[in-house]
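*Asks:* Before we start, here is the structure in question, set down as structure tokens.
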Amino acid sequence: MNIKICVHIIFYNSKNLSNQTGKLNFNKSYYLSKVIKSYLKINRHIKIFIHTNTNSRFLKKYKKNNKIKVIKYNLKNENPRYFPWKCRKVMEKQKNDYDVFIYTEDDILFEKKNFNYWLKYKDLCLNDNYNL
């Protein structure tokens, strides 16, 4: 399968998700790690963009992986509810570079079997004005 896939993952860290020292909650980083591993198994032509507001040490390990890019945003003077929309500008610039775009959040697991299901039925659904 030579489909070029682009995944945009929103990874927001708020104070109520971290402990008093400001370190990222273990569960949040654990789930994100599982989500990333799952996407990397879908296709070798995949690129993952993690959009975040944190300088977590956990995210630094991905800097050496050429399939993953971490984009950090400063939300100091912005409403954090609009954070998930930040990736739209990046996606717009990429629209001619990829065949498939996936927008997700850090706690939604999506596996190869899910992707294959979508591939199998997407055209049938789109013909009836539905999207999986």
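The values are calculated or read from the model by the stated rules, or taken from the named source; none is laboratory data. Note that the structure is predicted; figures quoted are calculated from it, not measured. Cβ sites come from the backbone with ideal geometry, for glycine too, and all protein chains shown count toward neighbours. Areas reflect the complete protein model, heavy atoms only, side chains present, ligands, DNA and RNA absent. Shrake-Rupley method; radii C 1.70, N 1.55, O 1.52, S 1.80 Å.
*Asks:* For the structure I just gave you, tell me whether ILE68 is β-branched (Val, Ile, Thr) and farther than 21 Å from ILE3 by Cα. Before you say what the answer is, go through the steps one by one.
*Replies:* Values: β-branched (Val, Ile, Thr): yes; farther than 21 Å from ILE3 by Cα: no.
No; evaluated as a whole, the condition is false for this residue.
*Asks:* Looking only at segment 38-56, how many residues end up being at pLDDT below 95 and either loosely packed, with under 12 Cβ neighbours inside 10 Å or assigned to a helix (DSSP H, G or I) (or both)?
*Replies:* Qualifying residue count, segment 38-56: 1.
*Asks:* Working carefully through the options VAL90, VAL70, find the one that is under 13 Å from the mean Cα position of the chain (by Cα), at pLDDT 85 or above and not in a strand (DSSP E or B).
*Replies:* Going through VAL90, VAL70 in turn, just one is under 13 Å from the mean Cα position of the chain (by Cα), at pLDDT 85 or above and not in a strand (DSSP E or B): VAL90.
*Asks:* A follow-up question, please. Hey, could you check segment 28-37 for residues that are open to solvent by less than 80 Å² (accessible area, probe 1.4 Å) and either in a strand (DSSP E or B) or not small (Gly, Ala, Ser) (or both) and say which is modelled with the lowest pLDDT?
*Replies:* For segment 28-37, the residue satisfying everything is LYS28.
*Asks:* Okay, next question. Kindly indicate which of LEU59, LEU132, LEU109, LEU126 is in a helix (DSSP H, G or I) and open to solvent by 40 Å² or more (accessible area, probe 1.4 Å).
*Replies:* From the options LEU59, LEU132, LEU109, LEU126, the qualifying one is LEU126.
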